[in-house]
């Protein structure tokens, strides 16, 4: 909420997204203004946690969508562990053509479908084309962009003390399991 003064100089609590909608000429303008406002507020408050993304491909004919993964994602968001910024499904047909569905066009996804309206659509068209280039024909990929809200207090403390992130990485679970099974030390690579 933001304090603003109305015509009679009274202080009024107002939602930034509501202000953006009133100032914008189109719905797209309102979304953009709201997204920028939310990012500015987060940056001003120095409360933004690390932002990450994940792409999971489901090969043609090998996937069964039971809803289990969506339920787990919803649980993380509901618990405040992450804040979902964008959820997209990319389908690549046998001819290499792609179809992209944003979360609001995917039907009932429960709380996963209720994205942070002020920061939705983080992925550019170019990002989605790059993702599709890596996909096998006939496959479907889920793309999730999130803020690690659990890490925000640590990230804020680091920034306030002059620290900067200079490296970040992930070890794929499959690689770790394979290294353990083979007796290799995963740190030797």
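Considering only the range 109-189, give the helices (runs of 4 or more DSSP H) lying wholly within it that have at least 3 residues that are modelled with pLDDT of 90 or more and touching a strand residue (DSSP E or B) at 6+ places or on another chain (Cβ under 9 Å).
Values: elements: 125-134, 152-160, 173-182.
Qualifying helices (runs of 4 or more DSSP H): 125-134.
To keep it simple, each residue is scored yes or no on (1) within 19 Å of residue 131 (Cβ to Cβ); (2) crowded, with 16+ Cβ neighbours inside 10 Å.
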{"site": "49", "(1), (2)": "no, yes"}
{"site": "56", "(1), (2)": "yes, no"}
{"site": "63", "(1), (2)": "yes, no"}
{"site": "81", "(1), (2)": "no, no"}
{"site": "90", "(1), (2)": "yes, yes"}
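Yes/no matrix, rows are residues, columns are (1) in a helix (DSSP H, G or I); (2) more than 30 Å from residue 93 (Cβ to Cβ); (3) modelled with pLDDT of 70 or more:
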| position | (1), (2), (3) |
| --- | --- |
| 35 | yes, yes, no |
| 38 | yes, yes, no |
| 41 | yes, yes, no |
| 47 | no, yes, yes |
| 55 | no, no, yes |
| 60 | no, no, yes |
| 64 | no, no, yes |
| 71 | yes, no, yes |
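The values are calculated or read from the model by the stated rules, or taken from the named source; none is laboratory data. The shown structure was predicted, so the numbers you read here are calculated from the model rather than taken from an experiment. Using ideal geometry, Cβ is built from the backbone for each residue, glycine included, and neighbour counts are taken over all protein chains shown.
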